[in-house]
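What follows is one structure encoded as structure tokens, with my remarks underneath.
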Amino acid sequence: MKKCEVCGKEYIKNDNEFLKHFPEFIRKNLEYIPACECLEESKQREMEELERKRVQECIKNKVKKYKDISVIDKRFLNSRFENADMNNDNMQLAKRYAESFLRKDKQVGLLFYGGVGTGKTFSTACIANYLMEKGKTVLVMNLGLYLNKLTTGWGEAERDILEQVEKCDLLIIDDFGAEKGLDNNQTGWRAEKIYNLIDGRYRSEKPLIISTNLNFSEDEEKCEITEKFSTQGQNRIRDRIIDMCFPIQVTGKSKRGLTKKDLIEFIS
């Protein structure tokens, strides 16, 4: 007797009266049918997986044309939890955040702040790669590149980017506050564009992760984000960020630069 390959239950006799209207070879193939729903459930899962991949590919193709504002390069893609020092408190937090992201409907955002080379971008990249491997859509933006593009008359593309910002599962803004190439006359314009970007994410009620070298403080007067982005006495950008992101200070000695160990491994 044929059995289900999933649960092992034996097939049962098919007593459907409608079978008599089929040719004999079809009746013979349908004489016994599964007693379980494993086959239907398997097909449903396959359809759901195909749809998930289709949606993911559509978003990926839309974002691909904006690669000039992305920081997803080879170094970024090689940043993974399995390559990290998981004895580090910040890496443990990042891993737990990524795992919780998959389990919980309502996610919170993170603000990684601290000195240069302390591992902020590495932490966010590990989170991004982990989630992308699990089928989540992650848009990773370099704010400086984004703003520079907008200065070249990128109006239509801006609307498309803001649409993707609202749709993706996770938005990451890397190196927030390190933008260059804009003169003093563009300060208000820059603040407005950044606010529109973050506010769009805020209104979509989806999580945001930011990494920045700027110092964060609950005291607005001591907060570099306030100092850099306030306009006309208003701190709209900082207010949006603290509404969405929990601040995490990343401390320690800079990990950037080649070491003697790197050279020895290379020449040995």
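The values are calculated or read from the model by the stated rules, or taken from the named source; none is laboratory data. The structure displayed is predicted, hence computed values, not measured ones. Positions of Cβ are backbone-derived with ideal geometry, glycine not excepted, and every protein chain shown enters the neighbour counts.
Of all the criteria given as (1) under 47 Å from the mean Cα position of the chain (by Cα); (2) modelled with pLDDT of 80 or more; (3) farther than 30 Å from Lys134 by Cβ, the one not satisfied by Lys2 is (2).
Looking across the stretch 163-187, the residues that are assigned to a helix (DSSP H, G or I) and at pLDDT 80 or above come down to Glu163, Gln164, Val165, Glu166, Lys167.
The set of residues in the stretch 90-120 being under 17 Å from Leu208 (Cβ atoms) and modelled with pLDDT of 90 or more consists of Leu93, Ala94, Tyr97, Ala98, Ser100, Phe101, Gly109, Leu110, Leu111, Phe112, Tyr113, Lys120. The sole residue among Asn87, Asn148, Asn129 that is part of a helix (DSSP H, G or I), at pLDDT 85 or above and either within 29 Å of Arg54 (Cα to Cα) or of a type outside the set (Asp, Glu) (or both) is Asn129.
Working only within the stretch 214-238, note down all residues that are within 21 Å of Asn196 (Cβ to Cβ) and part of a helix (DSSP H, G or I). Across the stretch 214-238, the qualifying residues are Ile225, Thr226, Glu227, Lys228, Phe229, Arg236, Ile237, Arg238.
The residue pairs whose first member lies in the stretch 204-227 and is without any contact (Cβ under 8 Å) to a residue 24 or more places away in the chain, whose second member is crowded, with 18+ Cβ neighbours inside 10 Å and of a type in the set (Val, Ile, Thr), and whose beta carbons are closer than 6 Å, counting only pairs six or more residues apart or on different chains, are Glu220/Thr226.
Of everything in the stretch 1-57 that is farther than 30 Å from Lys136 by Cα and small (Gly, Ala, Ser), the residue that is surrounded by the most Cβ atoms within 10 Å (Cβ to Cβ) is Ala35.
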